[in-house]
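Written below as structure tokens is the structure these notes are about.
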Amino acid sequence: MNCFLPIAKESHFPIQNLPFGVFSRGNDKQRHVGVAISDMVLDLTLLERHGVLGITGRTADEMLFQQSSLNPFMAAGRPTWQSVRQRVTNLLADDEHGLRDKPIAEQVLVKQSGVSMHLPAEIGDYTDFYSSREHATNIGTMFRGKENALMPNWLHLPVGYHGRSSSIIVSGTPVRRPVGQVKPDDADPVVSPSRLLDIELEMGFFVGPGNRLGEPIGIEAADDHIFGMVLVNDWSARDIQKWEYVPLGPFLGKNFATTVSPWVVTLDALAPFRVDGPSQDPTPVDYLHSPGLRMYDIELGVDLRPAGNAHYETIIQSNSRHLYWDIRQQLAHHTVNGCNARPGDLMASGTISGPEPISFGSLLERTWRGTQPLQFTGGIERKFLADGDSVRLTGIARGDDYLVGFGEAEGTILPA
Ligand code: CA
């Protein structure tokens, strides 16, 4: 399928991708829903208003794109997602049925460089898993030794915790260094700006239709409840985390900021990139039985630009296929007790680390607790993040002659 717009070979947003996001134009406060195509945004809010989207089976008062978030569309379910995806594909096709040469094209196609991106959804709840075996092993080895690296539950269920949705921010939003209680080794706790500010390379998925309280989502139905995926940087203050986390787990060391990429890539766009996951031994219990190609081959990168430097340098190269627990297992596990997921909820994978040091998804692992600092141009060293540092996450799946990309999740550290 050819698009009538020119699409560069390295573009994250060819016609095979069509990710959804929320944007506003110039100084306009109105938020619209759009689809990224090449270096443009296709305005679905206007198309729907002009009656051009023509989504079958929906009446005029069942509008999907007239709110400032993707929640109504996420709630509408897979048949509607697929019908809109097909309609958008047809509108962008290089033939006489699409928008090519039509007067309305000028209104509904805008340059990405001229818009601001916003959070794609009103996120009611945010859950963060801990689904990378290499990450859990690295952290366990650092804190408990190699023999006890994985806790006894880890291979039996996807460990997770409830995060905070209010501090989830869209790419480009600065992150203020958190202040909190930290405990020096041989002294009383003090209140201090975090000195061990870190990143976590993760991916997250948005929930589509939810489930009723008390009614679990079976793993075989999970795909119908997952709208799409984004990049997630779950910023972490390791010194605050270390002192506070016993016995209830992560709290203020985690909930000051979580950055997501603005474009939600659908499972339909990712379908060609499904791959085998690592074999699971012991075999998971029935409700976590996940047959077939359960992972996605998405190349993940982290670039860091030290304060004062002009350019980003790559510090991490990983892949989402390294995960041990997949997104269907995560959702089935989350709801097995009857907990209700709702449209727009965000569930993140936990830090994604691979087998090699270059693929370790946090600075804590990458510098091995700061013992092996990273080197940058100009003789600059980093163990953890300094004020003014910028960090950028990227993700791409590689087709034969196209990419399905996630854009980026970027943030710069402001002083405490
Ligand atoms: Ca995390």
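The values are calculated or read from the model by the stated rules, or taken from the named source; none is laboratory data. All values derive from a computational prediction rather than experimental measurement. Cβ placement follows ideal geometry from the backbone for every residue including glycine, while neighbour counts extend to all protein chains displayed. These area figures cover heavy atoms from the full protein model, side chains too; ligands, DNA and RNA do not enter into them. Shrake-Rupley method; radii C 1.70, N 1.55, O 1.52, S 1.80 Å.
Observations
- Residues (of a type in the set (A, V, I, L, M) and either more than 17 Å from the chain's Cα centre (by Cα) or outside any strand (DSSP E or B) (or both)) located in segment 14-29: Ile15, Leu18
- Summed over segment 236-261, the residues that are in contact with a strand residue (DSSP E or B) (Cβ under 6 Å, 6 or more places away or on another chain) and under 29 Å from Phe73 (Cα atoms) give a count of 5.
- Tallying residues that are touching a residue at least 60 places away in the same chain (Cβ under 8 Å), surrounded by fewer than 22 Cβ atoms within 10 Å (Cβ to Cβ) and over 16 Å from Gln317 (Cβ atoms) within segment 361-375 yields 3.
- Residue list for segment 167-189, filter: among the aliphatic types (A, V, I, L, M) and surrounded by fewer than 14 Cβ atoms within 10 Å (Cβ to Cβ): Ala187
- Residues of segment 285-322 that turn out to be under 18 Å from Val232 (Cα atoms) and in contact with a helix residue (DSSP H, G or I) (Cβ under 8 Å, 6 or more places away or on another chain), as a count: 11
- Residue in segment 74-93 that is among the charged types (D, E, K, R) and open to solvent by 60 Å² or more (accessible area, probe 1.4 Å) present: yes
- Any hit, segment 141-149, residues being in the same structural domain as Leu270 (by TED's automatic domain parsing) and buried (at least 20 other Cβ atoms within 10 Å of the Cβ): no
- Residue in segment 53-66 that is part of a strand (DSSP E or B), surrounded by 17 or more Cβ atoms within 10 Å (Cβ to Cβ), touching a strand residue (DSSP E or B) at 6+ places or on another chain (Cβ under 8 Å) and of a type outside the set (Asp, Glu) present: no
- Residue count, segment 231-247 (criterion: within 14 Å of the ligand (Cβ to nearest atom) and either open to solvent by 10 Å² or more (accessible area, probe 1.4 Å) or within 29 Å of Asp297 (Cα to Cα) (or both)): 9
- So Leu109, is it touching a residue at least 24 places away in the same chain (Cβ under 8 Å), open to solvent by less than 50 Å² (accessible area, probe 1.4 Å), in contact with a Cys (Cβ under 8 Å, 6 or more places away or on another chain) and not assigned by TED's automatic domain parsing to the domain that holds Asp234: no
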